[in-house]
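Structure first, then comments.
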Amino acid sequence: MVDIIKYSLILSVGFILGYFYYTYFKISPGGVLATPFLVLYTLEDPSIFVIFVLAFVSSIFAIDFFVRRFLLYGRRLFYLALLVSLVISAVLYLLLNPTFSTVFFSIIAGIIAYNSHKELMGGTDYIKITTVWFSEFILLYIFGFIIYSIY
Amino acid sequence: MMLVLDNHINTIYKIHRLSRKDINRYRKHLSEAKYRILVSGSRGKSGLVEDIYGVLHGRELDVLGKVTGSDPKIFYRGVTYYIDRGSNPKRFFLDYENAGIIADFKADIYCFENQTISRYTNGYIHFLFKPHIEIIPNLRLEHAELGESLEEMAHTFGATLKNVDYAIYAEPIPHNKERVIPILREYASKFGVELRIIDIPYSESMLPGVERVYILQELLDIMGLPPLTYHEYNEVINRVVWEIKPRVSSYGFYYVDLSKVNDPDTTSIALEYLKKNYVMGRPIYILAYFRGDRIDRTKFFIPFFERIRDDDSVAKVILGGMYYDRIKKILGDKALEMKKIDMELLFEKINDEDGFLILAVNGVTFEMDMVREMLSRVAQPAV
């Protein structure tokens with residue numbers, strides 16, 4: 001019961017934060033759901049953030065490769081990013097064997113990579129995308145950390 | 001000079017998947033092109049692409065023009081190719097259509113209409129087409145995904161000027177221009193783009209589309225070509241005037257189809273122009289159709305209908321589709337609901353009153369096609 005309350009609290013604050021970030025910065029590299037869920041999973045086991053980073057970088061490279069080489073865009077690229085993220089995360093799960101695991105986590109890197117690519121295509125630079133997303137993640141993580149300490 | 005209207009040979013170009021060879025040819029043709037011109041922004045893109053093609057082709061330059069929208073076409077070496085997107089239009093992809101055309105048609109100059117409706121696809125088109133020159137005739141509130149205000153739209157188009165050499169902006173509406181120019185200037189100076197801003201003389205700004213002439217002059221200057229000849233100038237102006245000219249309906253009254261003009265600013269300019277030049281005191285009827293999937297557009301039109309409510313020259317507004325109670329409430333007695341009236345009787349009434357009909361807002365709908373069909377059909381003799 002307590003778990004549901006703290007998860008809901010973190011997710012709710014994540015959605016509100018995401019909305020204000022989008023309203024202010026006009027970009028949303030984390031999408032609506034991905035960043036709050038990533039924060040939740042990282043709070044459960046901080047080591048899986050390493051898996052996220054590696055899967056994210058792989059997805060970004062895959063997207064860039066397929067866009068440049070085959071001119072892919074849109075939904076086809078999104079599916080590709082999800083697939084790469086899923087495969088890389090699964091392999092890293094096996095190698096690193098974290099204490100916490102969930103399938104949804106495996107596609108988060110793909111969602112964020114695709115959203116970042118969309119923002120990049122729209123003319124936003126890497127620095128802004130990274131800064132905006134990371135600051136949103138850190139703020140929510142700190143909030144989540146406080147909630148986890150209380151409960 | 002040979003304008004596109006002079007073309008008599010028409011053929012079909014079918015969109016196809018891109019093979020490795022196609023992608024290589026696309027890269028080769030794109031890099032060998034002397035000029036890649038992208039026509040972006042909101043209103044009058046297709047007409048401008050046709051004008052650019054007409055003038056450059058008339059000067060015997062090797063140019064390919066491509067227009068998009070509901071009636072996509074390619075103009076190439078005097079031939080008009082109608083683009084066939086297949087049985088399901090949702091299955092066409094920006095890459096198949098644009099890169100495919102560049103792969104299949106080699107030209108020294110490519111002039112494409114930017115078919116984007118979101119920030120992402122706008123960026124993708126720039127990635128795909130890599131324009132040297134970008135023309136933004138105007139920015140109008142139309143697709144919320146491009147921006148919910150003019151400033152947001154200016155950021156959307158400004159952010160993708162990154163690899164462009166020249167940008168031309170020719171907004172004729174002063175208050176829109178004041179809001180957009182500082183933003184475009186900011187991006188132009190950041191990316192080292194030469195931004196050319198065109199001032200439309202006030203005396204001419206009331207003719208919707210007149211900026212096309214000035215844009216062409218600027219484009220020719222950038223390309224190092226002589227300015228428009230008297231004949232070319234006349235051809236372009238005649239086309240601009242022709243596009244807004246009223247037609248006689250099969251019922252006998254005059255009407256103008258502005259239903260593909262999906263923004264309130266252009267509709268207002270066109271309405272004023274028509275009142276001044278063609279309406280001549282006749283009662284105006286506006287038929288506006290609202291799409292359920294375009295709530296953003298409906299919202300953008302609310303201030304327009306607030307002005308129409310107080311405009312004595314407008315007799316009635318016929319509302320169709322998902323217009324919501326708010327617009328009906330704004331218009332009060334002036335509102336008629338399409339679903340509650342017999343359109344045949346209404347058109348006969350307009351004719352009896354010597355009225356003037358304007359089709360507005362959403363042109364690409366089955367219902368508006370039906371209305372157009374009713375207005376343009378040849379009267380059948382009674383059996």
One residue from B:F300, B:F253 being aromatic (F, W, Y), more than 20 Å from the chain's Cα centre (by Cα) and surrounded by 20 or more Cβ atoms within 10 Å (Cβ to Cβ): B:F253
Output for the range B:202-214, where each listed residue is crowded, with 18+ Cβ neighbours inside 10 Å and closer than 11 Å to B:P172 by Cβ: B:L207, B:P208, B:G209, B:V210, B:E211, B:R212, B:Y214
The one condition in (1) open to solvent by 20 Å² or more (accessible area, probe 1.4 Å); (2) closer than 30 Å to B:K162 by Cβ that A:L77 fails to fulfil: (1)
Where A:K26 falls short, out of the listed (1) modelled with pLDDT under 90; (2) closer than 24 Å to B:T121 by Cβ; (3) away from every other protein chain (no Cβ under 14 Å): (3)
Tally, over the range B:218-276, of residues that are closer than 24 Å to B:L357 by Cα and in contact with an Asp or Glu (Cβ under 6 Å, 6 or more places away or on another chain): 2
Any pair with Cβ under 7 angstrom, 6 or more apart, that starts in the range A:49-78 at a residue that is away from every other protein chain (no Cβ under 14 Å) and ends at one that is of a type in the set (S, T, N, Q) and buried (at least 16 other Cβ atoms within 10 Å of the Cβ): A:F49/A:T42; A:I51/A:S89; A:A55/A:S85; A:A55/A:S89; A:S59/A:S85; A:I60/A:S116
Matching residues in the range B:20-45 - criterion: being modelled with pLDDT under 95, crowded, with 20+ Cβ neighbours inside 10 Å and assigned to a helix (DSSP H, G or I): B:K45
Every residue from the range B:318-365 that is open to solvent by 40 Å² or more (accessible area, probe 1.4 Å) and aliphatic (A, V, I, L, M): B:M322, B:L336, B:I341, B:L345, B:V364
Every residue from the range A:104-147 that is more than 28 Å from B:E152 (Cβ to Cβ) and at pLDDT below 90: A:F104, A:F105, A:S106
Scope the range B:256-285; condition surrounded by fewer than 17 Cβ atoms within 10 Å (Cβ to Cβ) and either in the same structural domain as B:Y202 (by TED's automatic domain parsing) or of a type in the set (K, R) (or both); matching residues: B:K276
In the range A:81-103, the residues that are under 16 Å from A:F61 (Cα atoms) and surrounded by fewer than 21 Cβ atoms within 10 Å (Cβ to Cβ): A:L82, A:L83, A:L86, A:V87
Options B:E148, B:E171; residue that is within 14 Å of chain A (Cβ to nearest Cβ) and outside any helix (DSSP H, G or I): B:E148
Subset of the range B:298-317 [closer than 17 Å to B:P264 by Cα, modelled with pLDDT of 90 or more and touching a strand residue (DSSP E or B) at 6+ places or on another chain (Cβ under 6 Å)]: B:I308, B:V314, B:V317
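The values are calculated or read from the model by the stated rules, or taken from the named source; none is laboratory data. These figures come from a predicted structure and were not determined experimentally. In this analysis, Cβ positions are derived from the backbone assuming ideal geometry, glycine residues included, and neighbour counts consider all displayed protein chains. The area values use the complete protein model at the heavy-atom level, side chains included, leaving out ligands, DNA and RNA. Shrake-Rupley method; radii C 1.70, N 1.55, O 1.52, S 1.80 Å.
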